[in-house]
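**Student:** Mind looking over this structure? Questions follow.
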Amino acid sequence: MNAIFDSVLAPLEWVVAWLMVGCHTIFTAIGLPAASGLTWGLSIVGLVIVIRIILIPLFVKQTHASRRMQLIQPEMAKIQKKYKGKTDPESRQALSQETMGLYKRTGTNPFASCLPLLLQSPIFFALYRVLANMAGIAGGKPPIGPLTPEVAAQANASRIFGAPLSATFRQTVTLVHGVAVSAPSAFNVKIVCVVMIVLMAGSQFASMHQLMMKNMPASALDNPAAKMQKKMMYFLPLMFIFSGVTFVIGLLLYMLTTNLWTMGQQFYTIRRMPAPGSLAEKALEARRLKSGKEHTKFSIPGLVQDEAEEVPDIPDPDTKPASGQRQQPKRKKRVKPTGQGGTNQAGTKPLEQA
């Protein structure tokens, strides 16, 4: 199992190492010190930016998939209510068929909203392995792409706010060329780790809170999936607080940068393309009305939305006009006399002139 895991992550480790060392080369070329923890920290930030730019098309698909899932929730509720309490195999099969038919008719993919997260997870593990193996590479293990023993030793010994990027809250000792070297201040390392963990957990909570409270309609917050997501909004930050003590500082910096990028990306998307029925959509409508622009609502083919259509008022011909109003006279079709003998085309005689 470990061999399969290693073979899958090996190419990603190579890509991560190239991106990180490439960003370090760029920052060094503009004048930053090569051995500085700031330079290597910015290299990790640059790695996040490059990866998230590559994932922007998938993020757009994720946004549209989430909006489609929210729009079809009323139809999903009708299907689930139809088969509520029915546990026989025929009813379960019918429920599955109608659900899949709704997905197919509306072009909705329930797994598309999870795709960017699933693609980022291997990158996260690859970066973890690169940072964790720096000490070994500095001590003579095989390099990972451009991460040679010399470069790995430089990155492994670099410090940010006096704490090595390879240090953790529990372990404040790092290896340089295979020799254990104590951190200059264990207390300093713990302070940096605590601050990074708190910022990482706080940004994770803020990102999920922004998505749920501002970009989800009230009707969507009542279903079991939304309630579970609300619990996860509190559970995940707590989980990161307890597990963050085992992460190296470089990995904490990666996760913090990822969360901040996600917050900014979500803020832009929620402001420009809010979910139907959400508070963000109402705010967008208010801004557009204030600026005199018309708001085009998001809709999907194959789904009939319950919206009141505006029907123009048609006056009743039998209704008398209100007093004070002049009723416009109706034009009557006149028949012109033609033909000989004083008859018109219809064969009737015209009216005699007075």
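**Student:** Quick one: count up the residues across the range 148-165 that are over 18 Å from Cys193 (Cα atoms), under 36 Å from the mean Cα position of the chain (by Cα) and surrounded by fewer than 24 Cβ atoms within 10 Å (Cβ to Cβ).
**Tutor:** Number of matching residues: 1.
**Student:** Answer yes if at least one residue in the range 250-264 is assigned to a helix (DSSP H, G or I), over 30 Å from Thr168 (Cβ atoms), of a type outside the set (A, V, I, L, M) and touching a helix residue (DSSP H, G or I) at 6+ places or on another chain (Cβ under 9 Å), and no otherwise.
**Tutor:** no
**Student:** So which residues in the range 126-143 are within 13 Å of Asn156 (Cβ to Cβ) and hydrophobic (A, V, I, L, M, F, W, C), if there are any at all?
**Tutor:** Matches in the range 126-143: Val130, Leu131, Ala132, Met134, Ala135, Ile137, Ala138.
**Student:** On to the next question. Those residues that are within 22 Å of Phe124 (Cβ to Cβ) and out of contact with any helix residue (DSSP H, G or I) (no Cβ under 9 Å at 6 or more places or on another chain), I need them from the range 13-32; list them, please.
**Tutor:** Across the range 13-32, the qualifying residue is only Trp18.
**Student:** Hey, another quick one. Scan (1) touching a Lys or Arg at 6+ places or on another chain (Cβ under 9 Å); (2) modelled with pLDDT of 70 or more; (3) not acidic (Asp, Glu) for the single condition Met255 breaks and write down its number.
**Tutor:** So Met255 meets the others, but not (1).
**Student:** While we're here: What tally of residues in the range 280-309 results from selecting those that are modelled with pLDDT of 80 or more and within 26 Å of the chain's Cα centre (by Cα)?
**Tutor:** 7
**Student:** Name the single residue that is surrounded by the most Cβ atoms within 10 Å (Cβ to Cβ) among those in the range 57-98 being among the aliphatic types (A, V, I, L, M) and free of Cβ contacts under 8 Å to residues at least 24 places away in the same chain.
**Tutor:** Result: Ile79.
**Student:** Now, a different point. Which residue is surrounded by the most Cβ atoms within 10 Å (Cβ to Cβ), if the candidates are limited to the range 30-56 and must be within 24 Å of Met212 (Cβ to Cβ) and of a type in the set (A, V, I, L, M, F, W, C)?
**Tutor:** Val48
Quick grid of which residues meet (1) touching a residue at least 40 places away in the same chain (Cβ under 8 Å); (2) in contact with a Gly (Cβ under 8 Å, 6 or more places away or on another chain); (3) at positive phi; (4) part of a helix (DSSP H, G or I):
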site: Leu102; (1), (2), (3), (4): no, no, no, yes
site: Thr108; (1), (2), (3), (4): yes, no, no, no
site: Leu118; (1), (2), (3), (4): no, no, no, yes
site: Phe125; (1), (2), (3), (4): yes, no, no, yes
site: Leu131; (1), (2), (3), (4): yes, yes, no, yes
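**Student:** Suppose the filter is modelled with pLDDT of 80 or more, crowded, with 21+ Cβ neighbours inside 10 Å and in a helix (DSSP H, G or I); does Leu199 pass it?
**Tutor:** No, not satisfied.
The values are calculated or read from the model by the stated rules, or taken from the named source; none is laboratory data. Everything quoted here is computed from the prediction, not taken from an experiment. Don't worry about glycine lacking a Cβ; one is built from the backbone with ideal geometry, like all the others, and counts go over all protein chains shown.
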